[in-house]
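Here's the structure, in structure tokens; my notes come after.
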Amino acid sequence: MRPILKTTTALIAGAMIGLPAHAQSITITTAGGEYGAAMKEAMWGPAAAELGLDVREETQSDGLAAIRMQVISGSVTTDVVHLGSPEGAQAAELGLLEPLDYSVIDGEALPEGAHSDHCYPFDSYGTVMAWNTRTYPEGGPANWGEFWDVEKFPGKRALRANAQDLIEIALLSEGVAPADVYTVLSEEGGIERAIARLAELKPAVSVWWTSGAQSAQLLKDGEADLVITWNGRAQSVIDDGGGVDYSFKGSIIGTDCLGVPKGAPNIAAAMKLIAAMTTPEREARLTDYIAYGPVNTAAYEGGLIPGDRLKQLATAPGNLDSSVFSRADWWTAHGEEAQIAFDEMMNN
């Protein structure tokens, strides 16, 4: 889970306020906590009131496991589920999600590369390069190729101990165009090419981190000079006064999404709720509480998001130009192969 911006707010009392006496009841499953509370305040609470729905929230730390159990048992109680897009792709592959109704939901609002037939992306984060400004007072690498250049940018590097995002970044560092990354990875030898590129950098990597909190601490303590991390983690160090900067240049964009479990009791109402939750205004409002960028491109228009917040969001204009949207369907099909190759590289 990426870090949440600290915001004090009085949460709405609930979607029941002002509802008709016999409002239709539907259930949404979220991860709960501050993230779930923010979604309620910014998105599903106002959407429910607009539609006249009585929305009941359930919280699950593992939404995929929850809907898998419901669908397999034939006792589906959830109407809308919040998932990470890789989980959404896996759920779709397993037949656990209804197809999205794009006659109700606005598919045209999504940027190229973000479309899904089963789980609608609504917010985003970026895997970025961050650097210690004391080590590099003139600025960090301009691109991933320079991140690999240990002569131009000497210093300790820290990378996540996982293939995901790193193999895409490895190809970008070789000059592969963002639009071609998954084409190359899907070719024979594509994964091996990316792993070989990571192996070249391995001698300069001092830490392979295993949690977002660890990556932020490495930056904060100056234990690494160049770190591949999530934008929210780097921003949290800056907010705490740390000497850190980061760039969205060539970032890998991950998203969270909303789906409707197969056989949900209120499919039509669920589609309407997703549509109402993901308007430009409501996705923009979510950024008041969390450092996740809207996926609906219109959320960045009309001054809906303050200018100082825009620069912190992965999908903001100017930040997205050279980025790659992580392909959840590719990872569903090839993730195990990629991780095995990565682990072998790590063990050599």
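Restricting to segment 179-200, and then to whatever is surrounded by fewer than 19 Cβ atoms within 10 Å (Cβ to Cβ) and not small (Gly, Ala, Ser), can you tell me which residue is nearest to ASP343 (Cα to Cα)?
Step by step, filter segment 179-200, then rank; the result is GLU192.
Which is free of Cβ contacts under 8 Å to residues at least 12 places away in the same chain and either within 15 Å of PHE325 (Cα to Cα) or surrounded by fewer than 21 Cβ atoms within 10 Å (Cβ to Cβ) (or both), of ASP165, ASP123, ASP117, ASP149?
Just a single option satisfies the conditions, and that option is ASP149.
Under the condition of being among the hydrophobic types (A, V, I, L, M, F, W, C), over 14 Å from ALA37 (Cα atoms) and under 14 Å from the mean Cα position of the chain (by Cα), which residue from segment 280-305 is surrounded by the fewest Cβ atoms within 10 Å (Cβ to Cβ)?
ALA291
Taking only segment 248-279 into account, find how many residues are surrounded by fewer than 24 Cβ atoms within 10 Å (Cβ to Cβ), among the small types (Gly, Ala, Ser) and within 17 Å of PRO111 (Cβ to Cβ).
Number of matching residues: 1.
Within segment 82-90, can one find any residue that is touching an Asp or Glu at 6+ places or on another chain (Cβ under 7 Å), closer than 18 Å to PRO121 by Cα, surrounded by fewer than 23 Cβ atoms within 10 Å (Cβ to Cβ) and among the aliphatic types (A, V, I, L, M)?
The answer is no; no qualifying residue exists.
Checking VAL237 against (1) modelled with pLDDT of 95 or more; (2) assigned to a helix (DSSP H, G or I); (3) surrounded by 17 or more Cβ atoms within 10 Å (Cβ to Cβ); (4) over 15 Å from the mean Cα position of the chain (by Cα), which single condition isn't satisfied?
Among (1) modelled with pLDDT of 95 or more; (2) assigned to a helix (DSSP H, G or I); (3) surrounded by 17 or more Cβ atoms within 10 Å (Cβ to Cβ); (4) over 15 Å from the mean Cα position of the chain (by Cα), the lone unmet condition for VAL237 is (1).
The values are calculated or read from the model by the stated rules, or taken from the named source; none is laboratory data. Given the structure is predicted, the values throughout are model-derived calculations rather than measurements. No Cβ is skipped: glycine too gets one built from the backbone with ideal geometry, and neighbour counts run over all protein chains shown.
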